[in-house]
Amino acid sequence: MNLWFRMFLVFIEGWRSSRIAVLGESKLHFRTWFTDLDFNLHMNNGRYLTFMDLGRIDLMVRTGLMQTILQDKWMPVVGSAHVTFRRSLRPFQAFQLTTQVVAWDQKWFYMEQTFYSNNKLYARGLVKASLMDRDGLIPTEKILALLGGDPLPPPLPLRWQQIVVGDQNLHLE
């Protein structure tokens, strides 16, 4: 995470903003700066993942989960991230990042994160993420109980089903 100033602003705005439900949508607004660009003068593909970190932070703050994370010394972790790029974000271009939990299983939350500018889709990602403590991953049921969410997950959007099934079959040892 090398966007310290932006992260600080996300925390401040998140604490001041209205709370959202587990399936609520976080919306953040940014602009690309020279530090976000690669030698092709568009936003670096790795920077999209870094901005996606900020979207998940906002979601944790605005759902009220961040307080428990800090108190119990939990760690947010990403199990996988799949990003599809549609267009290039140029220097100084304003864009919106949306983050929303779209499904979960016993261990993982699946979040869709999208980058829009001028009502056009620029990139879309699916992130498999959870929280962990010293004992390992915290069951999603426990996290949902803290948030007052329904333990039954919504169906995973069709466009992500093949990616999630393929990811579950990938075992790294």
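Values in this text are rule-based calculations from the coordinates and carry no lab data. All of these numbers come straight from a predicted model, not from anything done at the bench. With ideal geometry, Cβ positions are generated from the backbone for all residues, glycine too; neighbour counts draw on all protein chains shown.
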Label-point separation in nm, residue 11 to residue 137, each point 7 Å along Cα→Cβ: 2.8 nm
Amide H contacts of residue 132 (H built 1.01 Å from N, under 5 Å, at least 5 apart or other chain): 75, 77, 138
Separation in nanometres of the label points that stand 7 Å from Cα toward Cβ, at residue 163 and residue 44: 2.2 nm
Relative contact order (%) - criterion: Cα under 8 Å, at least six apart; region: segment 18-109: 52 percent
Karplus-derived 3J(HN,Hα), 6.51/-1.76/1.60, for each residue of segment 73-86, Hz, glycine and proline x: 6, 7, 10, x, 9, 10, x, 6, 9, 10, 10, 10, 9, 10
Relative contact order (percent, whole number), the chain, Cα cutoff 8 Å, 6+ residue spacing: 23 percent
Assigned charges on the beta-carbon of Lys, Arg, Asp, Glu; the chain dipole about Cα centre (debye): 640 debye
Options (i) 22, 17, 15; (ii) 26, 20, 15; (iii) 30, 15, 14 - which one matches semi-axes √(5λ) of the Cα gyration tensor in Å as calculated here: (ii)
Amide H contacts under 5 Å for residue 89, placed H, 5+ residues apart: 43
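Given all pairs of different Cα atoms, what value in angstroms does the Kirkwood hydrodynamic radius of segment 72-150 take?
On the way: mean 1/r = 0.0707 Å⁻¹.
The answer is 14.2 Å.
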